[in-house]
Amino acid sequence: MKHLLTAAMPRDEAIALLDLAEDMHQIQDREVKKLPALRGRTVVNLFFEDSTRTRSSFEIAGKWLSADVINVSGKGSSVSKGESLRDTGLTIAAMGVDGVVVRSGASGAPALLADWIGRPVVNAGDGTHEHPTQALLDAFALRRRIHGDAARGKGLDGVRIAIVGDIAHSRVARSNALLLPALGAEVTLVGPAAFLPVAAADGTRLGVRAETDLDLVLDEQPDALMLLRVQLERQGGHVAPSPAEYITGWSLTDERLARVPEATLLHPGPMNRGLEISSRAADSDRSTILEQVTAGVSVRMAVLYSLLASDHPSSDNGGAR
Amino acid sequence: MTQPGTGVGGTTARTVLGADEIARALTRIAHEILEANQGPDDLVLLGIPTRGVHLAQRLADRLGDIAGIDFGPRVGALDVTMHRDDLRGRPTRASQPTRIPADGVDGKTVVLVDDVLYSGRTIRAALDALADLGRPRAVRLAVLVDRGHRELPIRADSVGKNLPSARSEHVSILLDEVDGRDAVTIEDRAQGTPAEGGTA
């Protein structure tokens with residue numbers, strides 16, 4: 001693995017990353033939360049989009065592996081002065097950094113950067129395209145919920161997961177739709193027709209099912225529900241249901257929560273309580289929302305370790321590049 | 001005992017320890033550990049993956065038999081991958097689980113258990129890894145085979161067999177739990193295929 005640009009990866013590679021994340025997870029219980037594996041390495045968090053949770057998570061992950069971590073945000077940097085992505089990337093690479101974590105509003109920006117700078121690049125979210133570490137941490141949190149401490153080596157075989165909300169604008173949904181089936185899960189995308197991507201709605205191009213009726217899907221008693229944030233800022237001129245229509249059709253209300261008493265609940269955050277998820281659902285003991293945040297650090301440690309610890313990557317497959 | 005046998009790579013290898021000898025060596029090491037510690041109090045065994053973990057478990061069984069107490073809760077595994085000083089020079093290493101006994105290692109006498117003592121770099125990494133977990137009262141080292149060629153000033157407290165070897169020779173530790181049989185073999189790399197295991 002040279003870069004992590006997409007969540008599309010072979011099952012064995014995904015499980016190896018999740019297992020490594022299990023090892024990283026252990027250090028959260030320790031007095032000294034530090035491993036020396038990336039001592040002397042420098043990682044730049046290049047965030048052209050605002051993000052507190054993902055940036056902090058990558059920063060903590062890098063620091064717990066003893067890397068030097070530098071945060072560069074789009075605002076107030078040379079990017080806001082008109083510098084191109086390529087020049088920004090080349091400048092940072094010329095400073096001798098060993099890896100770049102990039103978040104950008106432009107789909108495909110991390111892949112371009114990876115081609116230009118010749119250093120490992122991690123996609124921390126690009127436009128409406130992908131967010132692979134989020135999908136990995138979702139899988140990690142869900143696998144732990146299902147298998148507990150015996151999760152190592154296991155996939156999500158036969159686990160039925162419904163991803164609910166604005167699928168079309170969600171890079172989280174896309175990455176999950178790529179990763180979860182590779183781990184053996186059965187994924188159903190659920191949302192208003194206007195929020196379903198054509199590729200998913202017209203068949204099985206993604207290897208997943210698409211539905212518009214959440215209540216029908218709940219009748220099937222899925223093992224897990226992933227509620228997506230309604231991203232009003234990303235919808236542009238898209239025809240979208242009003243908040244009232246959305247709540248009626250696709251919100252996990254208290255009533256719907258009661259109908260799926262066994263389902264594990266996931267949400268990538270930040271939540272709009274009362275819109276896509278009720279407060280009772282968010283705070284219930286079936287919610288993994290805070291476990292997902294904790295898992296984020298472990299998964300990002302695993303990714304940074306895999307990309308940066310060795311000068312001799314053990315494999316270079318097409319999936320994760 | 002020195003006899004020809006089949007090495008891991010299918011080449012000719014000398015068997016220098018058989019199953020019975022490994023069993024006797026572990027029993028002797030268990031007695032040495034108890035004697036040095038003046039009893040079983042506050043002893044913790046941490047095996048270094050992969051084979052060290054199985055050896056630590058076997059030692060715990062023997063210690064339990066000798067001391068008449070259950071050593072199960074005092075056995076763990078200490079992965080040293082993240083603390084190695086050669087991470088950059090080799091392909092990415094997969095780590096193994098670290099399991100620490102529930103009572104932790106603070107104030108305990110920790111016996112690190114590994115299959116082969118060679119350069120000493122694994123043990124250096126283990127000492128670093130252990131320091132992240134707590135502050136043992138003392139740290140001891142028990143190995144099944146010491147083959148020499150130290151690159152660091154590290155010495156084992158208990159050794160199953162001292163096995164002077166050339167650097168070109170490959171020492172393989174085979175354990176029933178991993179390899180389906182117990183044996184220690186040695187073969188010359190110039191003649192045979194390098195085998196996995198026991199290169200620590």
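Tally the residues that are in contact (Cβ under 8 Å) with a residue 24 or more places away in the chain and open to solvent by less than 30 Å² (accessible area, probe 1.4 Å), restricting the search to segment B:59-77.
Of the residues in that region, 6 qualify.
Filter segment B:71-98 down to residues that are within 13 Å of B:Ala129 (Cα to Cα) and of a type in the set (A, V, I, L, M) and give me whichever is nearest to the other protein chains (Cβ to nearest Cβ).
Filtering first and then ranking leaves B:Met82.
Residue by residue through segment B:102-145, note down the ones that are in contact (Cβ under 8 Å) with a residue 60 or more places away in the chain, assigned to a loop (DSSP other than H, G, I, E, B) and open to solvent by less than 10 Å² (accessible area, probe 1.4 Å).
Of everything in segment B:102-145, just one residue is in contact (Cβ under 8 Å) with a residue 60 or more places away in the chain, assigned to a loop (DSSP other than H, G, I, E, B) and open to solvent by less than 10 Å² (accessible area, probe 1.4 Å), namely B:Val105.
Where residues in segment A:7-49 are open to solvent by 40 Å² or more (accessible area, probe 1.4 Å) and under 22 Å from A:Val97 (Cα atoms), which of them is nearest to the other protein chains (Cβ to nearest Cβ)?
Taking the candidates together, the pick is A:Lys34.
Quick one: which of A:Gly236, A:Gly184 is on the phi > 0 side of the Ramachandran plot, at pLDDT 85 or above and surrounded by fewer than 18 Cβ atoms within 10 Å (Cβ to Cβ)?
It is A:Gly184.
Which of (1) farther than 24 Å from B:Arg135 by Cβ; (2) open to solvent by less than 50 Å² (accessible area, probe 1.4 Å) does B:Gly52 not meet, given it meets every other one?
The failed condition is (1).
For segment B:56-101, what are the residues that are assigned to a loop (DSSP other than H, G, I, E, B) and farther than 25 Å from A:Leu307 by Cα? Explain how you work it out, then say what you get.
If we filter segment B:56-101 for residues that are assigned to a loop (DSSP other than H, G, I, E, B), which is where we start, we get B:68-71, B:78-80, B:84-90, B:92-98, B:100-101.
B:Gly68, B:Ile69, B:Asp70, B:Phe71, B:Ile100, B:Pro101, listed by residue number.
Before we move on, is A:Ala150 surrounded by fewer than 24 Cβ atoms within 10 Å (Cβ to Cβ) and not charged (D, E, K, R)?
yes
Assuming A:Thr133 fulfils every condition listed in (1) at negative phi; (2) away from chain B (no Cβ under 14 Å); (3) modelled with pLDDT under 95 apart from one, which condition is it?
(3)
For the structure I just gave you, tell me whether A:Glu83 is within 14 Å of chain B (Cβ to nearest Cβ) and either more than 26 Å from A:Pro270 (Cα to Cα) or surrounded by 15 or more Cβ atoms within 10 Å (Cβ to Cβ) (or both).
no
The values are calculated or read from the model by the stated rules, or taken from the named source; none is laboratory data. Computed from a predicted model, the values in this text were never measured in an experiment. Heads up, the Cβs are rebuilt from the backbone with ideal geometry, glycines too, and the neighbour counts pull from every protein chain shown. In case anyone asks, the SASA skips ligands and DNA or RNA and just uses the protein heavy atoms, side chains included. Shrake-Rupley method; radii C 1.70, N 1.55, O 1.52, S 1.80 Å.
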